[in-house]
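**Q** Have a look at this one.
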Amino acid sequence: MPAVKAGLRQIPAIHRLLDLPVLRDAVAHYGRAPVMEACRGAVARLRERAAAGELPGDAVERAAGELPAVILEALRHSGEPAYRAVVNATGVLLHTNLGRAPLRRDLPSSLRSYLALEYDVAAGRRGQRLAPLAGRIARVCGAESAVMVNNNAAALFLILAAHAGGREVIVSRGQLIEIGGSFRLPDVMAAAGATLREVGCTNRCHLEDYAQAVGERTAAILVAHHSNFRIVGFTAEPALAELAELAHARGLPLVVDQGSGALHDLRRWGLPPEPTVGELLAAGADVVCFSGDKLLGGPQAGLVVGGAEWLRPLARHPLYRALRPDKTALVLMDQVLACHLSGHLEEIPLYAMMALPVEALARRARRLARRLRAAGVPARARSTRAALGGGTTPDETMPSFGLAVPGGQALADALRAAAPPVVARIEDDEVVLDLRTVFAEQDPGLAAALAAAYSGIQANQAGGA
Ligand SMILES: *Cc1c(COP(=O)(O)O)cnc(C)c1O
């Protein structure tokens, strides 16, 4: 095909492209390697299309002329942060894919300088990494002592490795949970070297089932929070206090994977109650572990609280070094614990969002809807239901307010392409944007993104029709 050959000759060599002033500027800005890579990629794609005969006539020459613009666009994308800020309009407060609890904006000064991470300032010598924080974690939870690791999966892993390696852990069949992101309780147990001893049935498990399973090889009784599902109907589970009594009578620890890290009565926010960490300890749990970025509202972390005799071996375990938290998580955890201790929960973004009165959300929604309709977008304010998410209270929601805009998947896609991307949900071919999870200062950006996305789709449809 001589025409194809002729077309291919229109595609410039990489070194010719790099000689262009715009791309020389790009090298100064992005660095030589990224620009080379973008050039190679763009040229290779054009060659492929030309070789496949996709570009008839002088289309190759035209496409070759557009190469610098194509390359600059690719570079602009590669220059974006790897993790982009997004507007969460899903109404799911603890959205695991969107980073669970949002962090506060005021970064503590210790994260902008050197800090006494493992340093006893008064004595001028090496200190313990967890020592400054452990007491504060324990105090918030009403526990004797505390340990912090990277996440709750690591917490459970360390507890089992330190106390149940090579021995059995008794768990009810109704609690063998899987959490999104490949946390499966039986797999964590196996990895930690503990043998799972299942008792009871999926829907019903009695104290007697546990009692019969205790034997010479038993290391602990483990209770795992149902987290992201609910067993309803003909069900039974022994009370935690009964299990604690049984465990202690046999000299075993009762370990609870509480998961969410609930510290306060959720009825304050109109949600059904969930046993708090303090209540579990008061009921007799020896060790309780939970995530730092769920209801605690802090950074990713796994917190373990309970009796000193059970926690001391965790911080001394060789695995602790592999699971220990970094300075960022420790400092941010301290910041969020201070809010829980002082009762200033409104300073934690998660609790500020939970406490927003629905009337305030409705006012914002109506104002946005008015502004959008003036811009030609048929948006209407509507009531919605927001959810805690993150493996907490799976089917309980809280009243909320937001916007509904016709447009379905195409509009949702266009919103995700906005800057910053807006993540919404689709209901009955309408895009629904819940304002409970949108920070008020994001409203103008949200309106602009909606107006642009909506008109873009209208233009597309008009063009395609
Ligand atoms: C969320 C959760 C986990 C996993 O916690 P990560 O911090 O994500 O590792 C484990 N168990 C329960 C019960 C949970 O709710």
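**Q** For MET36 and ARG136, what is the calculated FRET efficiency with R₀ set at 56 Å and r taken between the beta-carbons, to the nearest 0.05?
**A** 0.65
**Q** Rounding to the nearest 20 debye, state how big the charge dipole of the chain is about its Cα centre with +1 on each Lys and Arg Cβ and -1 on each Asp and Glu Cβ.
**A** 1340
**Q** How much of the DSSP beta bridge set in the chain is antiparallel, as a percent to the nearest 5?
**A** 60
**Q** Considering only protein heavy atoms and a 1.4 Å probe, what is the carbon-and-sulfur percentage of the accessible area of the chain?
**A** 53
**Q** At what distance in angstrom do the alpha carbon centres of the stretch 1-80 and the stretch 204-275 lie from each other?
**A** Going from one Cα centre to the other spans 62 Å.
**Q** For the stretch 1-155, would you read off the P(r) tail past 18 Å as a percentage of all alpha carbon pairs?
**A** Every Cα pair in the stretch 1-155 considered, those over 18 Å come to 75 percent.
**Q** Right, here's the next one. Which peptide among 284-294, 427-437, 355-365 comes first, and what is the full order, when sorted by highest mean count of other Cβ atoms within 10 Å?
**A** Averaged packing, sorted descending, gives the order 284-294, 427-437, 355-365.
**Q** By how many nm would the segment from LEU117 to ALA85 lengthen if fully extended, with 0.36 nm per residue of separation less the alpha-carbon distance?
**A** Going from the current span to full extension adds 8.7 nm.
**Q** If you don't mind, there's one more thing I want to ask. Provide the gained length on full extension for the span ALA410 to ALA249, in nm with one decimal, where the gain is 0.36 nm per separating residue minus the Cα-Cα distance.
**A** Between ALA410 and ALA249, full extension yields 51.8 nm more.
**Q** Describe numerically, in nm with one decimal, the distance between label points set 7 Å from Cα along Cα→Cβ at ALA6 and at ALA283.
**A** Placing both labels 7 Å beyond Cα along the Cβ direction yields 8.2 nm.
**Q** Going by average Cβ neighbours within 10 Å, how do the peptides 141-154, 186-199 rank, with the highest at the top?
**A** Ranked by mean Cβ neighbours within 10 Å, highest first: 141-154, 186-199.
**Q** When only C-alpha pairs under 8 Å and at least 6 residues apart count, what is the relative contact order of the chain, in percent?
**A** 17
**Q** Moving on. Provide the FRET efficiency to the nearest 0.05 for the HIS15-GLN128 pair, computing r from the beta carbons and using R0 = 56 Å.
**A** After rounding to 0.05, the efficiency reads 0.45.
**Q** I'd like the per residue volume of the convex hull spanned by the Cα atoms of the stretch 374-444, given in cubic angstrom.
**A** About 114 Å³ per residue, rounded to a whole number.
**Q** Arrange the residues ARG100, ARG373, ARG167 by how much accessible surface each exposes, largest first, with a 1.4 angstrom probe.
**A** In descending accessible area the options line up as ARG373, ARG167, ARG100.
**Q** I'd like the orientation of helix 443-464 relative to the chain: the angle between its Cα long axis and the longest Cα principal axis, in ° from 0 to 90, rounded to 10.
**A** With both axes taken from Cα atoms, the answer is about 50 degrees.
**Q** Given only helices, namely DSSP H runs of n ≥ 4 each adding -39500 (n - 2.57), what is the per-residue ellipticity at 222 nm of the chain, to the nearest 500 deg cm²/dmol?
**A** Computed mean residue ellipticity for the chain: -13000 deg cm²/dmol.
**Q** While we're looking at this one, here's another question. If I stretch the segment between ARG370 and GLU216 completely, what's the gain in nm (0.36 nm per residue apart, minus their alpha carbon distance), one decimal?
**A** Result for the pair: 48.4 nm of gain on full extension.
**Q** Next up: Counting only C-alpha contacts under 8 Å and six or more residues apart, can you give the relative contact order of the stretch 116-344 as a whole percent?
**A** Reported as a whole number, the value is 25 percent.
**Q** Going highest first, how would you order 416-426, 207-217 by mean Cβ packing within 10 Å?
**A** Those peptides, ordered most packed to least, come out 416-426, 207-217.
**Q** To continue, here is another question. Along the Cα→Cβ direction, 7 angstrom out, place labels at HIS206 and GLU427. What is the inter-label distance in nm?
**A** Each label point lies 7 Å from its Cα, and together they span 4.4 nm.
**Q** Compute the normalised compactness of the chain: alpha-carbon radius of gyration over 2.2 N^0.38 Å, N being the residue count.
**A** Normalised Rg, Cα atoms only: 1.24.
**Q** Report the net charge of residues surrounding PRO420, where surrounding means a beta-carbon distance below 11 angstrom and charges are Lys +1, Arg +1, Asp -1, Glu -1.
**A** With Lys, Arg at +1 and Asp, Glu at -1, the neighbours total +1.
**Q** Next up: Sum up the charges of everything whose Cβ sits under 11 Å from the Cβ of LEU435, counting Lys and Arg as +1 and Asp and Glu as -1, but leave LEU435 out.
**A** Net local charge, LEU435 excluded: +4.
**Q** Further, regarding this structure: For the stretch 403-464, what's the relative contact order in percent, using C-alpha pairs closer than 8 Å and at least 6 residues apart?
**A** After rounding, I find 38 percent.
**Q** Working from Cα positions, state the angle (0 to 90°, nearest 10) between the long axis of helix 32-51 and the longest principal axis of the chain.
**A** Roughly 60 degrees between the two axes.
**Q** Suppose R0 equals 45 Å. What FRET efficiency, 1/(1 + (r/R0)^6) with r the Cβ-Cβ distance, do SER342 and GLN461 give to the nearest 0.05?
**A** Using R0 = 45 Å, I get an efficiency of 0.25.
**Q** State, to one decimal in nm, how far the label point of THR195 lies from the label point of TRP269, with both points 7 Å from Cα in the Cβ direction.
**A** The modelled label-to-label distance comes out at 4.2 nm.
The values are calculated or read from the model by the stated rules, or taken from the named source; none is laboratory data. Note that this is a predicted model, so its numbers are computed, not measured. For neighbour counting, all protein chains shown are included, and Cβ atoms are generated from backbone atoms with ideal geometry for every residue, glycine included. We work out accessible area using only protein heavy atoms, side chains counted, and drop any ligands, DNA or RNA first. Shrake-Rupley method; radii C 1.70, N 1.55, O 1.52, S 1.80 Å.
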